[in-house]
Structures are given as C-alpha cells and as structure tokens.
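J.: Got a structure for you, written out below as structure tokens; questions coming shortly.
The values are calculated or read from the model by the stated rules, or taken from the named source; none is laboratory data. As the structure is a prediction and not an experimental result, all values here were calculated from the model. Heads up, the Cβs are rebuilt from the backbone with ideal geometry, glycines too, and the neighbour counts pull from every protein chain shown. Remember, those area values only see protein heavy atoms, side chains included, never the ligands or the DNA or RNA. Shrake-Rupley method; radii C 1.70, N 1.55, O 1.52, S 1.80 Å.
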Amino acid sequence: MDVEHSRAYIDQLYSNDSQKCFQAVSELKFAVIGSVREKGSIIEQGVVVRLLQILRAPDLDVLLKTEVATVLNSLAKGLPEHASALVQAGILPVLWEQLDACTGGGGGGSSSSGGVYTQMLLCCLRSIYRHGCAPPPPAWDHKLLSTLIHHGYHPPSNQECVANILAHACKTCEQQQQLVEAGGADLVACMLCSPVTRVQLPALHCLTAMCYNNERVSNVMATKSYGGKAVPDLLAGLMARDRPREMQLAAATALTFLHRAGALSADDPKIIYKTLQCLVRFCRRDREVWERVEAGNTLAYLTERSIHLQRTAAMTDHLILTMNDYLKDTTPSTPPPTPTPATHPISVSPISCRQYDNPSTWPELMLEAALKVYASLGANDEDIRQRVIKTDGLMNTIVASLSAASPPVQLAAVRCLHSLSRSVQTLRTTFQDHMVWRPLMTVLKTSTNEELVAVSSSTLCNLLLEFSPSKEHILDQGAVEFLCGLTRRPHPGLRLNAVWALMNMAFQAEHRVKMSILHHLGTDQIFRLLSDTDVHILMKTLGLLRNLLSTKAHIDQIMQNHGKEIMQAIILILEGEHCAEVKEQALCILANIADGDVAKAAIMSNEDVLKKLMNYMVIPNVKLQIAATFCISNLIWNVEEGAAERQNKLREMGVYKLLQNLMTTTDTGLFDKVKTALQQFH
C-alpha cells in the first residue's frame with residue numbers, strides 16, 4: 001500500500017465529517033481484508049482506539065458503525081496476537097455494550113441496517129472468542145447472556161456466531177450453570193433442529209462445553225426437547241451416516257459427555273449401540289487423521305470408567321488391532337479439513353484442542369490417542385489387558401513414549417502403563433522384561449508437570465507391591481527419599497500416591513527399608529499426614545505405620561527408637577473425630593505393637609491407652625470391638641514372658657469381665673476373638 005495514501009485515509013478517520021470518515025473506514029476495510037501484514041500494521045499504529053470511539057459515538061450513523069465492525073472483525077480473524085491486541089485495547093466491553101444497545105432498539109438507522117450491524121458485532125465477538133484469547137463475558141452477567149441468547153434465535157448467521165461464542169467462552173462449572181439459567185439449554189435444543197449445518201455444528205460444540213463434567217447441567221440438558229424430540233434423541237439422529245463427518249463426531253462427543261456426567265447410563269442404547277459404534281467406526285484406517293485422533297480420544301474418555309463399555313469396545317470391529325495401526329500408519333489418504341466455520345479443524349472438546357494442519361504432528365497425535373484407548377480398554381478386565389499387552393510392539397512403544405519430548409504423549413504412555421500395571425502377571429513378567437521402572441523413575445524425578453507426576457506415582461504404587469520384581473530396582477533408584485519428599489507437596493493427589501507407595505514398599509520389607517522410610521519421612525511429617533484433611537491420606541498413613549510395625553523384631557526396634565511419637569500419633573487418632581474405619585486402623589496398629597516382645601510395655605505402661613481399649617471393646621461397632629479385643633489378646637498371650645503380670649493387671653482393670661460379657665455376641669468373628677482372649681487367661 002502507498003504510504004502517503006495510507007497516512008491520508010488514516011488521518012481522515014479522525015475527521016468530524018462523517019462522509020470522509022466513512023470513506024476512510026471503507027478504504028481501511030479493503031486494505032486489511034486478506035492481508036495479515038496490513039492487519040498487524042493497522043493495530044500497531046493505534047487505529048483500534050479510534051475505531052472503538054466511532055462505535056461508541058451515539059450520533060454517528062449505523063452504516064458507519066457497521067463498516068467499523070467489519071474492519072474489527074477482519075482484524076480479529078488474523079493471528080492470535082492480533083485478537084489479543086484487540087482485547088487489550090478494550091474491544092470486548094464496547095462490543096457487548098453495542099450489542100445490548102441493538103437489542104434495546106438502539107444503534108440508529110433502519111431495522112435492516114441495524115440487523116446487519118448486530119450481525120457484524122456478533123461476527124467480531126465470535127472471531128475473538130475462537131482464538132481463545134478472550135476471557136468470558138464480564139462475570140457472565142445474566143442480562144448479557146440473555147441478550148446473547150436472544151440473538152441466537154435469529155437468522156442462521158447470528159445463530160452460528162452465538163453458538164461459537166458460547167462454546168468457546170463457557171469454561172467453568174459456574175459458567176455452565178449460569179448459561180443454563182439464562183436459557184442456553186433451550187437455545188441449544190433449538191439450534192440442533194436447524195436445517196443449516198453451520199448452525200448445528202457449533203451448537204453441538206456449545207452443548208459439549210456446557211455438559212463437560214457437570215452432572216447438574218447434563219441432567220437438565222438430557223431432559224430438554226425441541227419439536228417433540230428429546231436432546232439425546234436429536235444427538236443420536238445427528239450421528240446418522242448421511243450427516244457430515246464432523247457432525248457425526250461432534251454429536252458422539254456430546255453424548256459421551258452426557259454419559260460421563262451421569263445423565264445417560266452405559267447400557268443406554270444411544271451410548272452402547274450408537275455412540276460407541278460411531279466412534280469405533282471413525283477409528284478405521286480409511287478415515288482421515290483428524291477423524292481418527294478425535295474419535296480415539298473421545299472413545300477413550302467414553303470407556304474410561306465403564307467395564308461394560310470397555311468389554312463391548314474391545315469386541316467391536318477389531319478395535320485393539322485398529323489401535324495398533326495408529327502406531328504404524330500416520331499418513332492419511334486425504335489432507336485434513338480446511339479451516340472454515342462448517343468444518344472441524346479445531347476441536348472445542350475439553351478432551352483435546354489441537355490443529356491438524358501440520359503433518360509433522362500427526363504421528364504424535366495418533367500415538368497419544370492409541371495409548372489413551374489402550375489405557376481405557378485395559379482398566380478393569382484382565383482378559384482385555386492380556387490382549388492389549390500382546391499387541392505387537394506396544395510395550396516398546398510405551399517405554400519409548402515415556403521419554404518423549406511431548407508431555408501429552410508422556411502422559412498417555414504413563415496412563416497406559418498404569419492401566420496395565422493392575423495385572424499381577426504383567427508386573428511379574430512383561431514389566432520386568434522391559435524394565436519399565438527405569439524410565440518411570442526418570443519421569444518422576446525430572447517432570448514438572450503435576451498431572452504427569454500424579455499418574456506416574458500412582459503407577460509406581462503398583463510396581464512396589466511385594467510380588468513385583470521391579471520393587472528392588474526402584475528402591476535402588478532412591479525411591480524412598482523421593483517419595484518421602486512427595487508427601488510434602490501441596491497437591492493432595494501426590495501426597496496420597498506417595499504415602500500409598502510407601503505403604504506398599506513397607507509391606508513385608510526388610511528392616512533397613514523400614515528404617516530408611518522412618519529416617520527420610522520423620523515423625524513430624526507422619527503427624528502432619530495424620531492431621532491431613534483428606535481421609536484417604538490419613539488411612540494410607542495408618543496403613544504405612546501398620547506395615548512398618550510388623551514382625552516382632554522390627555516392632556521392638558522401631559518402638560525402641562520411635563515409641564513415644566508413635567503412641568502419641570495413635571492416641572491422636574483414637575481421641576479425634578474420625579470415622580470407624582480410621583479408628584479401626586489405629587487399633588490394628590496397637591495390636592501389632594502388642595505383638596512385640598518389648599514393645600508391649602508401651603501399651604501396658606499407659607493406663608489411658610488401656611482404658612481406651614476397654615472402651616472400644618464395648619462400643620457398638622463390631623469391627624472396633626474385634627480390633628480392640630485382638631490387641632488385648634496379643635498383650636496377654638500366655639506363652640510369652642511376663643504374660644501373668646499383664647493378665648493380672650488387666651483382670652484388675654476389669655478386662656476379663658468385659659470379655660465374659662462379650663461371649664453373648666452373635667457375631668462369629670468377634671466371638672472367636674473373645675474366646676481366644678479368654679483362653680489366654682486360663
């Protein structure tokens with residue numbers, strides 16, 4: 001563009017003569033349309049501020065404002081940094097303000113020109129939100145949402161814009177609920193019945209954004225209907241094979257989200273016979289890469305929790321072998337779709353959000369999707385796990401993927417490893433053959449990705465089970481110190497996995513391992529874990545103590561060094577406001593201590609603890625009664641040194657009488673424990 005000419009019409013943008021201003025805006029429009037360089041140049045020159053001033057001017061003609069909105073829309077369609085610059089310049093409040101004025105009859109001019117102005121405002125908002133650089137509408141104001149939804153019932157061009165705006169802006173649970181309360185569910189149901197594909201597709205994306213991981217909204221959405229048909233039935237119809245491929249996939253994703261949120265059951269025909277089958281069909285080798293990746297990711301999410309769906313999917317259309325094709329074949333027969341409003345170049349699904357226009361990324365995308373599917377299929381059924389593990393080259397691929405540069409691929413590989421690690425046979429054979437512990441420990445020690453560390457540490461829990469050959473190798477890699485450090489992390493999931501892994505590590509472990517755990521963990525940290533608000537962490541910490549305090553020699557040595565602190569910890573639990581399951585674990589730890597030769601003294605010398613045991617013997621909870629009675633039985637075992645003195649003391653305290661009273665119990669487990677304890681007195 002001629003520099004002098006450019007300077008001239010930009011100067012005229014600031015003219016008080018509306019005709020000159022209109023001419024300048026028109027020239028600006030033709031300059032920026034189709035030119036990324038010119039878009040950037042105009043933004044850098046600060047012209048956006050003047051354009052927003054024109055929009056806000058109450059006395060200017062709506063035709064001029066429409067031209068300005070067209071220019072802004074063109075700028076927003078440029079690069080993501082162009083859209084970000086518009087947001088930073090304050091475009092969003094102006095657009096929402098103008099849209100509200102149009103709804104209220106403002107904006108000036110005829111109804112026809114006002115309608116075009118409204119359309120351009122919506123187009124501009126859509127272009128900005130599709131870049132993902134804009135925050136949601138301010139506080140998701142109810143009036144603002146109602147205004148937007150009002151325009152969603154208007155011509156298809158407006159509907160397409162509104163659906164896209166809502167689909168990309170709705171991100172949190174609160175926003176999902178507010179959107180439903182403003183009438184969004186009814187609007188989406190209406191749009192699904194539109195005869196226009198470019199309206200239906202963003203409406204499907206909007207529905208997935210509203211329902212993702214939100215049970216309440218999903219239940220509302222599942223009961224909505226339009227034209228006499230419920231939304232789930234409308235979605236099932238949109239999966240028909242005569243529909244555009246991107247629409248079939250989007251409808252399958254929407255139904256997947258409704259199922260995962262609890263609105264539709266796994267055995268609902270629309271899920272097991274339509275959604276699952278549709279997704280498996282799109283995984284075939286003759287489909288395009290973007291279809292196969294999206295279908296694989298969604299299928300993994302659909303089947304992740306339901307063993308019924310996992311078994312059905314594993315038997316459908318050779319899916320396990322099809323996923324193996326993902327690992328080998330990454331060259332599509334046709335190129336990915338061209339980015340247009342009616343196609344699916346970018347998924348707005350919360351599961352994945354990627355572009356497919358770069359062929360170099362296809363192998364990673366295919367690999368990630370396949371690993372996710374394998375992870376879901378093998379989550380619960382051992383037969384499926386064995387079929388998956390026997391897939392040609394899969395274990396080598398998983399091990400290699402653990403060291404991949406791509407965090408999503410690493411995460412998918414760890415998830416697959418975690419799923420397969422639930423098999424005892426696999427832990428004993430395949431995992432040992434491929435030394436999976438080595439790259440897994442590297443991931444744990446080097447990754448800063450919290451989700452990746454969480455899944456990796458969960459996998460490590462299984463590799464530390466006592467029958468796993470990997471256990472010793474992991475110990476040699478400094479796992480004790482690392483896991484003890486992980487218990488201090490703020491994320492509760494990491495703390496839980498760390499304590500769980502330590503608990504597994506301590507089970508039937510050598511004394512040196514137990515002492516190493518106590519040394520690196522420290523009694524102060526044990527107290528902090530026992531005070532954790534997460535009951536699961538509390539239970540695993542008690543399980544860790546129980547495993548540490550096993551085997552007579554180990555019990556005596558540990559209590560000799562840490563007895564005072566351990567007894568304080570147990571009393572803390574027994575006196576606290578905890579559920580019966582937690583207190584049962586504490587009583588079981590006492591029973592283990594009572595099994596030690598020397599450690600018994602820690603209990604016998606503490607009358608407060610003995611009285612607590614007596615109290616739990618008569619508390620109306622059989623599990624607590626059994627645990628307390630078992631502890632008493634260990635204390636008075638008559639073949640052990642000092643048994644007579646301990647029996648006399650407990651008899652004087654009234655324990656013998658309590659045991660006699662418990663002989664009337666109808667619970668066989670408690671009766672056996674009481675009978676055994678009474679026999680020790682004789």
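J.: Please enumerate, by chain and number, the lysines with C-alpha under 17 Å from the C-alpha of Lys649, excluding those fewer than 8 residues away in the same chain.
T.: Reachable lysines: Lys600, Lys611, Lys612, Lys657.
J.: Kirkwood Rh and Cα-based Rg: tell me the resulting Rg over Rh for segment 180-290, rounded to two decimals. Please list the in-between numbers first.
T.: Details: Rg = 13.1 Å, Rh = 13.8 Å.
Computed over Cα atoms, the ratio is 0.95.
J.: Find how much the distance from Asp608 to Asp11 grows on full extension, using 0.36 nm per residue of separation minus their present alpha carbon separation; answer in nm with one decimal.
T.: Values: separation 597, 0.36 × 597 = 214.92 nm, distance 8.92 nm.
In short, 206.0 nm is gained.
J.: While we're on this one: How compact is the chain by the rule of thumb for globular proteins, expressed as Cα Rg over 2.2 N^0.38 Å? Could you put the intermediate results ahead of the total?
T.: On the way: Rg = 33.1 Å, N = 682, 2.2 N^0.38 = 26.3 Å.
With N residues counted in the chain, Rg over 2.2 N^0.38 Å equals 1.26.
J.: Run the numbers for Arg651 and Ala553: contour at 0.36 nm per residue of separation, minus the present Cα-Cα distance, in nm.
T.: Values: separation 98, 0.36 × 98 = 35.28 nm, distance 2.78 nm.
Contour length minus the Cα-Cα distance gives 32.5 nm.
J.: Are there GluC sites (Glu not before Pro) in segment 422-495 that DSSP marks as loop and that have at most 12 other Cβ atoms within 10 Å, and which are they?
T.: Details: sites: Glu450, Glu451, Glu466, Glu472, Glu481; in loops: Glu466.
For GluC sites (Glu not before Pro) across segment 422-495 that sit outside H, G, I, E and B with at most 12 neighbouring Cβ atoms in 10 Å, the list reads Glu466.
J.: Same structure again: I'd like the accessible area for Thr541: 1.4 Å probe, protein heavy atoms, all chains in place, Å² to the nearest 10.
T.: 0 Å²
J.: Also: At 1.4 Å probe size, with every protein chain present, just tell me what the per residue accessible area of the chain comes to in Å².
T.: Details: 28480 Å² over 682 residues.
Here the per-residue accessible area is 42 Å².
J.: Sticking with this one: How much net charge surrounds Tyr212 when only other residues with a Cβ under 12 Å from its Cβ are counted (Lys, Arg +1; Asp, Glu -1)? Working shown, then result.
T.: Values: positive: Lys171, Arg260; negative: Glu215.
Residues close to Tyr212 contribute a combined charge of +1.
J.: Return a whole-number percent for the relative contact order of the chain, with Cα pairs under 8 Å and 6 or more residues apart as the contact set.
T.: Numbers: 948 pairs, mean separation 34.9, N = 682.
The value is 5 percent.
J.: I'd like the accessible area for Lys143: 1.4 Å probe, protein heavy atoms, all chains in place, Å² to the nearest 10.
T.: Surface accessible to solvent at Lys143 totals approximately 130 Å².
J.: Please check which bits of segment 7-38 a label hung off Val49 would reach, taking the label as a point 7 Å along Cα-to-C-beta and the cut-off as backbone N under 16 Å.
T.: Answer for segment 7-38: 11, 13-15.
J.: At 27 Å minimum axial length over the Cα atoms and a Kyte-Doolittle cut of -0.5, report the qualifying DSSP H helices in the chain, or say none.
T.: Sorted by number, the helices that extend far enough and score high enough are 111-130, 552-575.
J.: A further question follows. What whole number of Å gives the distance from the Cα centroid of segment 205-270 to the Cα centroid of segment 482-510?
T.: So the two Cα centres are separated by 40 Å.
J.: Here's something else I'd like to know. Along the Cα-to-Cβ line of Ile571, 7 Å from the Cα, sits a label point; which residues in segment 512-539 have backbone N less than 20 Å from it?
T.: Output list for this probe position: 523-532.
J.: Residue separation times 0.36 nm, minus the C-alpha to C-alpha distance between Glu641 and Ser146: what's the value? Walk me through the intermediate numbers first.
T.: Numbers: separation 495, 0.36 × 495 = 178.20 nm, distance 8.10 nm.
Gain on extension, Glu641 to Ser146, equals 170.1 nm.
J.: Given Cα positions, please report Rg to Rh for segment 425-464, the hydrodynamic radius being the Kirkwood one.
T.: On the way: Rg = 10.5 Å, Rh = 10.5 Å.
Radius of gyration relative to Kirkwood radius: 1.00.
J.: Greater than 24 Å separation of Cα atoms is the criterion. Which listed pairs, Lys445/Lys583; Lys171/Lys224; Lys471/Lys564; Lys77/Lys372; Lys171/Lys540; Lys471/Lys583, meet it?
T.: Working: Lys445/Lys583 35 Å; Lys171/Lys224 21 Å; Lys471/Lys564 31 Å; Lys77/Lys372 34 Å; Lys171/Lys540 34 Å; Lys471/Lys583 30 Å.
Too far apart for the 24 Å limit: Lys445/Lys583; Lys471/Lys564; Lys77/Lys372; Lys171/Lys540; Lys471/Lys583.
J.: Could you rank Lys390, Lys274 by how accessible they are, 1.4 Å probe, largest area first? Please list the in-between numbers first.
T.: Working: Lys390 155, Lys274 105 Å².
Ranking Lys390, Lys274 by accessible area, largest first, yields Lys390, Lys274.
J.: Round to the nearest 0.05 the FRET efficiency obtained for Arg243 and Gln88 when R0 = 56 Å and r is the Cβ-Cβ distance.
T.: Numbers: r = 40 Å, r/R0 = 0.72.
Efficiency for this residue pair is about 0.90.
J.: What do you reckon, how do Glu304, Glu215 stack up by accessible area (1.4 Å probe), largest on top? Before the final figure, lay out each step's value.
T.: Numbers: Glu304 70, Glu215 115 Å².
The residues order as Glu215, Glu304, largest area first.
J.: Separation between the Phe671 and Thr448 pseudo-spin-labels, each 7 Å from Cα along Cα→Cβ, expressed in nm?
T.: The answer from the label model is 6.4 nm.
J.: Next question, about the same structure. Quick check: with the 1.4 Å probe, what order do Leu321, Leu452 take by accessible area, largest first?
T.: Details: Leu321 115, Leu452 5 Å².
Heavy-atom accessible area, descending, gives Leu321, Leu452.
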